[in-house]
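Below: one structure, written as structure tokens.
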Amino acid sequence: MRMARRFLIRGRVQGVGFRVFTRDTARLEGTTGWVRNLSDGRVEAYVEGDAEAVVRVERALRAGPRGARIESVDALTEPPSGSFATFEVR
């Protein structure tokens, strides 16, 4: 079953390779979507794909890359759009 989730990650998540980590993890899991830095210091990601793959990406986001310090992750389930061919850094 396909699903989509939007994540807002707070903590030390900018300047530590978080977006590249997210892209690489999402592509490895076969999901699509995007990740970007927000002006308030958070990172936002939209992940779409097989439900189990999206859950594995979420687990990775909650751990983060080396050098990151995750304070919180807000996850919002959304209807999948089907409009992404790959996962990109914005």
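The values are calculated or read from the model by the stated rules, or taken from the named source; none is laboratory data. Everything numeric here is computed off the predicted structure, so don't read it as measured data. FYI the Cβ positions are ideal-geometry reconstructions off the backbone, even for glycines, and counts take in every protein chain you see.
With a requirement of 2 or more residues that are closer than 15 Å to ARG90 by Cα, the strands (runs of 3 or more DSSP E) lying completely within segment 1-78 that satisfy it span 2-12, 32-37, 43-50. The set of residues in segment 33-51 being under 21 Å from SER72 (Cβ atoms), surrounded by 22 or more Cβ atoms within 10 Å (Cβ to Cβ) and more than 9 Å from the chain's Cα centre (by Cα) is empty.
For segment 52-85, a residue qualifies if it is touching a strand residue (DSSP E or B) at 6+ places or on another chain (Cβ under 6 Å), over 12 Å from VAL13 (Cβ atoms) and either β-branched (Val, Ile, Thr) or surrounded by fewer than 14 Cβ atoms within 10 Å (Cβ to Cβ) (or both), and the qualifying residues are VAL54, VAL57, ASP74, LEU76, THR77, GLU78.
With respect to GLY30, is the statement that it is at pLDDT below 95 and surrounded by fewer than 21 Cβ atoms within 10 Å (Cβ to Cβ) true? Judged against the criteria, GLY30 is not a match.
From the list VAL55, VAL73, which residue is among the hydrophobic types (A, V, I, L, M, F, W, C), in contact with a helix residue (DSSP H, G or I) (Cβ under 9 Å, 6 or more places away or on another chain) and modelled with pLDDT of 95 or more? So that I can check it myself, show each step before the final result.
On the way: VAL55 fails: in contact with a helix residue (DSSP H, G or I) (Cβ under 9 Å, 6 or more places away or on another chain).
Residue meeting the stated conditions: VAL73.
For segment 4-27, check the following and say yes or no: at least one residue is more than 11 Å from the chain's Cα centre (by Cα) and closer than 21 Å to PHE84 by Cβ. No, the conditions are met nowhere in segment 4-27. When VAL20, VAL73 are screened for being out of contact with any Leu (no Cβ under 9 Å at 6 or more places or on another chain) and of a type in the set (Val, Ile, Thr), only VAL20 passes.
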